[in-house]
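No lab work stands behind these numbers, since they all come straight from the coordinates. As the structure is a computational prediction, the values presented were derived from the model and not from experiment. Please note: Cβ atoms are built from the backbone with ideal geometry, for glycine as well, and neighbour counts cover all protein chains shown.
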């Protein structure tokens, strides 16, 4: 019997031993390659590397960076890929483990601010002061947005196109009902009514004069145009939650009227991902839409499908949501794309900023964004790069690679905003002029949201108030006209009670302190 | 003796409806994805695809099958899954069998040590630091070793083995069989259903899990199929995000390619089920009833 006991013990020991392998693996010593500095740089992996182009961390452009920047400076470039949509989780792990790359970036100001508060970010003030190229391309206004407590702890990338939403109307419908393109809200309302009554698209019950979805940006510019700016303090204008701003109720009352008269998508509240909105538009049921500017005009989008459904369909850019002063206020983006930081754990802060400064040179930026002339792009008569669509060109360079490596700018940068807009417009082919009109409208009278560092009240109540906001907006729009007032007042009061009050107070206080 | 009722009673009807509804709920999204993968992007934009493809074409599959990185991810994931499953099964068997033996000294202690790990884990960050120090970050090893032994699966196997009649083993022992001989020639052949089930558990776990790949692997050549799929789907879903960033949404995979990729990543593991089906049902319910 003794033998058998031993044998069983051996088996158990075997199993335990292998399970413990993780805990007692070999400790290999650090081998560092000479005196060369290794600069580790984050890069987004969007899973769109073309066949034959190598990998996201090893391709023609990255080898070029090594040759042009790395080798002369005795720096070994190492790119660390982070899956685009899991970026924040991955960053949290890397930062906490002290293993983050030397150059890290994110669109989430709050995440990086949080790293700063925990002492995780290096102070770059001195290095940035000595980086003339970088200062030149970003400018003081943008650099200032990366300063906290007087220190340059983040370097904001420059967003070139700040426009957000633009309105498009079916010109062929307007022609059929014999009306001109609306310029004010009143005219807009008349046009919607005419679209409903005369059914110019001949689509019967499916007719939707204005398509919206559950995603509020598709109609918030209209709500905002009702705001009573004169009645608010500067801080309230900037940071008070919308349902607590005077005038918001009238905006919803207008939407409620449109809903009850059948002028907007009847099932918008169910259309969470806006797919229905786009499908209705593509099928030719829709007269007016307020979408992200430019998106409907790109190839493969729903305007292209619409033209196949209704061959004579034509869109015109309009800007109709005027406020009582005759302006057309709408939310735009801040001129900042992502924020670039260097973790405090990095020994290479200086080299990191040097790399960004090198990137900020015009010719380097051009190569990063478009590759090499005659290999990946050609210059047209106006000096715009036209990307070559051959397989050979794609193996060397592709759109989002340039986009994700040239982190100091967001969107294609061609020297100035005008040139960048025109470049994007040219890329939409026959929609070029429409694109430019849309862009102009999208920034007309635009106001920029204020980015505040996260405060405790917001962290605590954010979910509460955003859920309540959706409920308030959706239910108010869908209420029978007679019940609108009582329902809105009740839900608005609830919004204030579930955290709106606290969030507002904290934000106003914070704003006043910053502006002081 | 009363004659057994045959035919289709009211209760049977009710059950059929309930089970049928459950089947429909499961199968309709699946059919929808198949239909989308065979449709033209244009028809999908119109919202005219539900259970039957519109604008029938195989372009999406062509795109997926000519994408070498997808093919590589498939091959790599299959190799990884097989390798992992075989190793995991060896460990599980070698641990579970001795723990059923009363003559093993410290049996309760060993069992406790393993069960203990079911209640506590270090969390992602300590794990990351540990793997980093072991130099297994960015290798295939990090996807194999840390999850090699599932205590849960080991306990299932252990309970099953304890249910086998001790007399079989006794007689083999009297005939001069060694412990290894008893395990491999007698115990394991008797345990085929449970072994098949555990193999499936391990294989499906390895096939579907992408969180560890996400955290511990940054070399895109070592991405598993599910991580690639996860990236593809989440990125195409966030057209608002790409607009906000200024990236070019039209360069990102279309809806039909997304659907084709889902099918591409799902079919191989679904194919395993029919082979193990005959063991599967017995294995799952074994140990459920004490006699």
The helix A:87-96 Cα axis meets the longest alpha-carbon principal axis of chain A at an angle in degrees, between 0 and 90 and rounded to 10, of 40 degrees
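Please arrange A:345, A:225, A:106 by how many other C-beta atoms lie within 10 Å of their C-beta, fewest to most.
Lowest count first: A:345, A:106, A:225.
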Taking every residue of A:80-89, the Cβ atoms of other protein chains inside 10 Å of its Cβ average out to 5
Counting all Cα-Cα pairs in region B:1-57, those more than 14 Å apart amount in percent to 65 percent
Stretched fully, the stretch from residue A:372 through residue A:497 gains (0.36 nm per residue minus C-alpha distance, one decimal, in nm) 39.2 nm
Taking every residue of B:90-98, the Cβ atoms of other protein chains inside 10 Å of its Cβ average out to 5
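Summarise the partner chain shielding of B:38-48 as one whole number: the mean count of Cβ atoms from other chains within 10 Å of each residue's Cβ.
5
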For chain A, the longest principal axis of the Cα atoms and the Cα long axis of helix A:501-515 enclose an angle in degrees, to the nearest 10, of 70 degrees
One finds the C-alpha centres of region B:62-84 and region A:170-230 to be spaced, in Å, by 49 Å
For A:422, A:190, ascending order of other Cβ atoms within 10 Å (fewest first) is A:190, A:422
Quick P(r) readout (chain B; Cα-Cα; 5 Å bins; whole %) gives 1, 4, 8, 10, 12, 12, 12, 11, 9, 8, 5, 3, 2, 1, 0, 0
Quotient of Cα radius of gyration and Kirkwood radius for the protein assembly as shown, i.e. Rg/Rh, equals 1.02
Here Rg/Rh (Cα, Kirkwood) for region A:368-453 equals 1.04
In cubic angstrom per residue, the convex hull of region A:75-167 built on its Cα atoms measures 152 Å³
Here the FRET efficiency for residue B:159 versus residue B:209, based on Cβ atoms and R0 = 22 Å and rounded to 0.05, is 0.35
Given 25 °C, 0.890 mPa s and a Kirkwood radius over Cα pairs, the Stokes-Einstein diffusion coefficient of region A:261-310 in µm²/s is 213 µm²/s
For the residue A:66, residue A:455 Cβ pair and Förster radius 41 Å, calculated FRET efficiency rounded to 0.05 is 0.40
Taking 0.36 nm per residue of separation between residue A:448 and residue A:416 and subtracting their Cα-Cα distance, the length gained on full extension comes to 9.5 nm
With Cα springs under 10 Å, the Gaussian network model of chain B assigns the largest mean-square fluctuation among B:137, B:186, B:263 to B:186
The distance between the Cα centres of region B:87-128 and region A:320-397, in whole Å, is 53 Å
Rounded to the nearest 5, the percent of antiparallel DSSP beta bridges in the protein assembly as shown equals 55 percent
Taking a ≥ b ≥ c as the square roots of the Cα gyration tensor eigenvalues, with a/c under 1.5 meaning rounded and otherwise prolate when a/b beats b/c or oblate if not, region B:69-191 comes out oblate
Quarter of the surface of the C-alpha convex hull for region A:168-261, i.e. direction-averaged projected area in nm², equals 6.9 nm²
For chain B, the longest principal axis of the Cα atoms and the Cα long axis of helix B:107-119 enclose an angle in degrees, to the nearest 10, of 20 degrees
